[in-house]
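First comes the structure, then the notes that go with it.
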Amino acid sequence: MEKEKNKYSIIVPTYNERLNIALLVYLIFKHLKDVDFEIIVVDDGSPDGTQEVVKQLQKLYGEDRILLRARPRKLGLGTAYIHGLKHASGNFVVIMDADLSHHPKYLPSFIRKQIETGANIVTGTRYVRGGGVHGWNLMRKLTSRGANVLAQTLLWPGVSDLTGSFRLYQRSVLEDVINSCVSKGYVFQMEMIVRASRKGCHIAEVPITFVDRVYGSSKLGGSEIVEYLKGLAYLLVTT
Amino acid sequence: MKQIIKILSILIAIAAFWIGLLESSVVPRSNTWLLPIYLIVSLGCYGLLMVGVGLMKFPTCPQEAGLLQKDVAEAKEFLKQRGIDVASD
Ligand SMILES: Nc1nc2c(ncn2[C@@H]2O[C@H](COP(=O)(O)OP(=O)(O)OP(=O)(O)O)[C@@H](O)[C@H]2O)c(=O)[nH]1
Ligand SMILES: [Mg+2]
């Protein structure tokens, strides 16, 4: 089968995820039994000992399956992806969060969807049948919906979930898109998918569920709404 | 073409159409004057409606939280046996 020839590099940025990364790695191995893949952990010098746990995991699963590509200090998510991508050896790249909001059980459906459709990008979407979110309060839902309606009306991106970051990319496509992206935080996710869509990439969607993080704490924050609006304006004039 | 230009062209097209209506006065001018206001109000309503509908139909997955807990327990059990430090502090 075609599946055998492909290799998937799963890039996981971490910052203080010592428990989550171990659970995540276990679940990835559980759900990707007969797939060729590697996990690239990009840790930004987490003070909680994330890297020690990753080293233990390397002993258990093999250093060729789990790659630790650390950076000395917290340098941000966008550059973490770029850093991880440099070390990726697969022809496909998956980007996912370490905090278990992105459940590895969906990985097979990403892979299947890509093989079925030949898409350049498969993006996980929470806002279709079979998808969903758990653990958000009304305010968070309201901002999410508002942001989505605004972006759909102004940007016509052709995908239903712009800020979700659980995605599978053809490696060459990701390399091409990622270097033209300058935003930070989750505007970065939006910029990637909008730019890809403008370049005429074939983007397929699979439903995913999103359970808000149970362990550890959120690293994004601050004036997210202002950042979002700035990002939207930026994308309006540059894409 | 940049997205902002697309949107501006649509707005200009609408404005041109409106001015055309004003000039030709096929419909009474007093009505034509109000059209942009209707347009803005209906856009606003559309936005609110979409957000409202989105909120009401917001897909949730409470069962997933339980499933995740099971997966976490299973993973912890496995990792603990293999001597990996999974104590949650
Ligand atoms: N390497 C690296 N990873 C980061 C950085 N900031 C966040 N991360 C990781 O990126 C992923 C997403 O971050 P989160 O804090 O979960 O962001 P979020 O999902 O928007 O927020 P939550 O509501 O807390 O889930 C997690 O795996 C983090 O550990 C960073 O500066 N460097
Ligand atoms: Mg998260």
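Taken together, the values in this text are just the output of simple stated rules run on the coordinates, not laboratory data. These figures come from a predicted structure and were not determined experimentally. Cβ atoms come from the backbone with ideal geometry, glycine included; neighbour counts cover every protein chain shown.
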Fill in the blank from the handout: The set of residues whose placed amide H lies less than 5 Å from the amide H of residue A:209, leaving out same-chain residues fewer than 5 positions away, is A:132
Problem - Cα lying deepest toward the dipole's positive end in the protein assembly as shown, options A:42, A:58, A:21, charges on Cβ - result: A:42
Fill in the blank from the handout: Taking every other residue with Cβ under 13 Å from the Cβ of residue A:153 and scoring Lys and Arg +1, Asp and Glu -1, one gets +2
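Have a look at the DSSP beta bridges in the range A:34-188 and tell me what percent are antiparallel, nearest 5. Numbers along the way, then the final one.
Values: 7 of 11 bridges.
That works out to approximately 65 percent antiparallel.
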Practice task
Under 1.5 on a/c is rounded, so check that first for the range A:1-125, then, if it is not, pick prolate when a/b is larger than b/c and oblate when it is not; a ≥ b ≥ c are the square roots of the alpha carbon gyration tensor eigenvalues.
Solution key: prolate
Handout entry: Cα convex hull of the range A:119-239, projected area averaged across orientations, nm²
Key = 7.6
Practice task
Would you work out the charge dipole size for chain A about its Cα centre, treating the Cβ of every Lys and Arg as +1 and the Cβ of every Asp and Glu as -1, and quote it to the nearest 20 debye?
Solution key: 220
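Please tell me which of these pairs span more than 30 angstrom C-alpha to C-alpha: A:184/B:80; A:5/A:86; A:5/A:55; A:5/A:59; A:230/B:6; A:55/A:113?
A:184/B:80; A:55/A:113
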Practice task
Restrict the search to the range A:89-188; then list the trypsin sites (Lys or Arg not before Pro) that DSSP places in a loop and that have at most 12 other Cβ atoms within 10 Å of their Cβ.
Solution key: A:129
Practice task
Give, to the nearest whole percent, the P(r) tail of chain B beyond 14 angstrom, counting all Cα pairs.
Solution key: 80
Completion exercise
Under the Karplus relation with 6.51, -1.76 and 1.60 and θ = phi - 60°, whole-Hz ³J(HN,Hα) for the range A:122-138, x at Gly and Pro, equal 10, 10, x, 10, 8, 9, 10, 4, x, x, x, 10, 10, x, 9, 7, 4
Completion exercise
Per residue, the convex hull enclosing the Cα atoms of the range B:26-70 spans a volume in Å³ of 70
Problem - Spatial separation of Cα centroids for the range A:55-108 and the range A:21-45, in angstrom - result: 7
Fill in the blank from the handout: Charge dipole of the range A:57-125 built from unit charges on the beta carbon (Lys, Arg +1; Asp, Glu -1), centred at mean Cα; most positive-end Cα among A:78, A:89, A:110 is A:78
Problem - Computed P(r) (all Cα pairs; chain A; 10 Å bins; percent) - result: 7, 33, 39, 18, 2
Handout entry: Residue (of A:149, B:84, A:138) at the positive-pole extreme of the protein assembly as shown, dipole from beta-carbon charges
Key = A:149
Practice task
Give the distance, in whole Å, between the Cα centre of the range B:1-59 and the Cα centre of the range A:186-201.
Solution key: 27
